[in-house]
């Protein structure tokens, strides 16, 4: 059993690298990758240096495709080269939160939300601006009319995917000034000597459109493979993406998207209880 999609406290996970790797040993993972958002700082920690299991260098790069925020997973890169690429193309967490907050406030004003930015309190060094904004929006029940679903109204994760990142939403925020585009993200990984995979296709707002054009996207941007297994996927979705990769001779990856207590429904190694990612996914990686 392997898990190639996990997060630590160096991005938005709850566990330190030491705690995460200890859990990986306890449940018997044969291979793990730490794929923090837009940082590889976890790989500079003592816990990672001393880990005796198989640990594949990983990162999850946030990027833009046709106005929507998506992610690309990178694996097997040279650490120093990836650090240089991230420094060149990605904003710091704090700067990104500050800029995103300003963009969200402008979008909410345009949409007619009852919302006072001065009442939003958050630490941009540690906290997501989206979570803080959602808390303030929910303080005024009439703002519910602007949301496309109860899930987006109640969950910061759904608020991001269904509203903020979704070009069809009344609350959409163009984040192209905050993130590199898809082409750049793939190039960052390749220049660092790594493999690039489209992450969790089926969680995006326009997942069906992505799926219909997936081969075109893979060819156009030079992706090496697709994340076939994820905690949010159904067995049918996993099988579909596995078939797609086999038909087009693409590499496969998969992981739980583990965040510790920040996403308690996604357990390390098993997702929501039924996920089992085979080591055979690594066939052809050559890293």
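The values are calculated or read from the model by the stated rules, or taken from the named source; none is laboratory data. Since this is a predicted model, take the numbers as computed values, not measurements. Because the Cβ atoms are built from the backbone with ideal geometry, glycine has one as well, and the counts that use them run over all protein chains shown.
Considering only the stretch 13-67, how many residues are part of a loop (DSSP other than H, G, I, E, B), touching a residue at least 40 places away in the same chain (Cβ under 8 Å) and crowded, with 17+ Cβ neighbours inside 10 Å?
Looking only at that region, the number is 9.
Residue 112 versus (1) assigned by TED's automatic domain parsing to the domain that holds residue 211; (2) on the phi > 0 side of the Ramachandran plot: which is the lone unmet condition?
For residue 112, the exception is condition (1).
Which of the residues belonging to the stretch 243-287 are on the phi > 0 side of the Ramachandran plot and out of contact with any strand residue (DSSP E or B) (no Cβ under 6 Å at 6 or more places or on another chain)?
249, 260, 271, 273, 286
For the stretch 139-168, what are the residues that are free of Cβ contacts under 8 Å to residues at least 24 places away in the same chain and either assigned by TED's automatic domain parsing to the domain that holds residue 63 or in contact with a helix residue (DSSP H, G or I) (Cβ under 7 Å, 6 or more places away or on another chain) (or both)?
144, 148, 149, 151, 152, 153, 158, 163
Using the structure shown, decide if residue 102 is at pLDDT 95 or above, within 29 Å of residue 10 (Cβ to Cβ) and exposed (fewer than 14 other Cβ atoms within 10 Å of the Cβ).
Taking the combined requirement at face value, the residue satisfies it.
Looking at the stretch 70-78, can you tell me whether even one residue there is under 19 Å from the mean Cα position of the chain (by Cα), at pLDDT 95 or above and more than 22 Å from residue 268 (Cα to Cα)?
Looking for residues that are under 19 Å from the mean Cα position of the chain (by Cα), at pLDDT 95 or above and more than 22 Å from residue 268 (Cα to Cα), one finds at least one in the stretch 70-78, hence yes.
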